[in-house]
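Participant: Dropping the structure in here first, questions after.
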Amino acid sequence: MRQQSYRSARAARTACALALAGIVMLSACSKREVAAPAPRPVVAVAVYADGSATPASSLPGEVQARYATPLSFRVGGKIVERRVRLGDVVKNGQIVARLDPADAQKSAASAQAQLAAAEHSLIYAKQQLDRDQAQAKENLIAPAQLEQTTNAYASALAQRDQAAQQAALSKDQLQYTTLAADHAGVITAEQADTGQNVSAGQAVYNLAWSGDVDVVCDVPESALAALSVGQTATVTLAALPGRSFTARVRELSPAADPQSRTYRAKLTLDNPGPDVRLGMTADIALSPANASANQHGAFILPATALFHDGTQPAVWVVRAGGNASSADTLELRRVAVMRYDERTIAIAQGLKDGERVVLQGVHTVSAGEKVRVIPPLHPEDFAS
């Protein structure tokens, strides 16, 4: 009887142990696998040994005519006629406005009358001189009389010349009451109305010359090192999506604007075409292959990309994953710094063309960390 009770208790303990084991197995199976952390986003760009970083620096600009001049009268007066309006295309020599010519006509007529009187006086003085010279040869007059006649002739000749110059000036003043375009172009501004009294030199129109078209931009100090005269750039226009134009830096201001502390740059567009209109907004992308490197074979990076491996300078390099499904990882790479600038560093050794370098947050990442590369929010801030 006792043996039977012992067997029953043993069977009960075995059943309980099996039940507990089953519960543990079921709870283990019910646990979900912990998801792998998502790759961390890092700001990185590919770098090249020509001294530039991709993406290239980008600057906003505006399309302008290479030459633009105000059209103004050379004399003052009242505008009585305007023949062109804003946006009109004009030819060289085309009349665009007129002043009231009444006063100029009277002045010209008066000067012409004075010239006629001076010429008549000169003719009389010449005749008198000829008579006195003939009489002087016969000793019929005193030498003093001949001197007086000669002096009167010289005075009449000078008065005739003066009257002729005054008549010519009055004629020019009359012509100046007509305003003509001195170059072919387009009217970009109207600054005076019909009936308005204007002074000499006061602008009536603004004329943008036909021909070369420029893109003008203001370059900040941080991007000045990446710009040089003769450098090429790619220009895109907001009004013409999907199209790009090639431009070349024609002029770079040698001094900064005292207010904005920026440098004015002018780039000439190659073959702009009729679709490119003055005043269009433009985006100027400096060509990395032609950017000014200032260093031979150096990698120019922003100072924010610099890290230190102990006492040695280093940068974080993004290594591509083994396949499409593998995430990129970080590698700490020691480098040789050629030069430290105010906002950039020049790296001589340690990097290869096309390698991606982390530009921001270098003190918050670790070696081997899985990352996802994102471009800079403002690429121009990281231009060499």
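Participant: Is it the case that some residue within the range 168-189 is acidic (D, E) and either part of a loop (DSSP other than H, G, I, E, B) or under 30 Å from V213 (Cβ atoms) (or both)?
Facilitator: yes
Participant: Within the set of pairs 6+ apart or on separate chains, which have a first residue in the range 162-184 that is of a type in the set (F, W, Y), a second that is part of a helix (DSSP H, G or I), and C-beta atoms under 9 Å apart?
Facilitator: Listed pairs, sorted by first residue: Y176/A104.
Participant: I would also like to ask the following. What residue, of V84, V80, is closer than 30 Å to R277 by Cβ and either among the β-branched types (V, I, T) or modelled with pLDDT under 95 (or both)?
Facilitator: Testing whether each residue is closer than 30 Å to R277 by Cβ and either among the β-branched types (V, I, T) or modelled with pLDDT under 95 (or both) leaves just V84.
Participant: Turning to a different aspect of this structure: Out of the range 245-267, which residues are part of a strand (DSSP E or B) and either outside the structural domain of E62 (by TED's automatic domain parsing) or not β-branched (V, I, T) (or both)?
Facilitator: Listed by number, the residues that qualify are F245, A247, R248, R250, E251, L252, Y263, R264, A265, K266, L267.
Participant: Among the residues of the range 348-360, how many are closer than 18 Å to P376 by Cβ and outside any loop (DSSP other than H, G, I, E, B)?
Facilitator: Qualifying residue count for the region: 3.
Participant: Please state which one of S244, S228, S199 is loosely packed, with under 13 Cβ neighbours inside 10 Å and touching a Leu at 6+ places or on another chain (Cβ under 9 Å).
Facilitator: The unique qualifying residue is S244.
Participant: What number of residues within the range 31-72 are under 22 Å from V335 (Cβ atoms) and at pLDDT 85 or above?
Facilitator: Selection size over the range 31-72: 6.
Participant: Turning to a different aspect of this structure: Run down G93, G77, G87 and say which single residue is at positive phi, surrounded by 13 or more Cβ atoms within 10 Å (Cβ to Cβ) and not assigned by TED's automatic domain parsing to the domain that holds V365.
Facilitator: The unique qualifying residue is G77.
Participant: Can you find a residue in the range 88-106 that is assigned to a helix (DSSP H, G or I) and in contact (Cβ under 8 Å) with a residue 40 or more places away in the chain?
Facilitator: yes
Participant: Can you find a residue in the range 235-244 that is at pLDDT below 95, polar (S, T, N, Q) and outside any helix (DSSP H, G or I)?
Facilitator: Yes: the range 235-244 contains one or more residues that are at pLDDT below 95, polar (S, T, N, Q) and outside any helix (DSSP H, G or I).
Participant: Determine if the range 124-134 includes at least one residue that is surrounded by 13 or more Cβ atoms within 10 Å (Cβ to Cβ) and part of a loop (DSSP other than H, G, I, E, B).
Facilitator: Within the range 124-134, none of the residues are surrounded by 13 or more Cβ atoms within 10 Å (Cβ to Cβ) and part of a loop (DSSP other than H, G, I, E, B).
The values are calculated or read from the model by the stated rules, or taken from the named source; none is laboratory data. Predicted, not measured: the structure shown is a model, and the values here were computed from it. Positions of Cβ are backbone-derived with ideal geometry, glycine not excepted, and every protein chain shown enters the neighbour counts.
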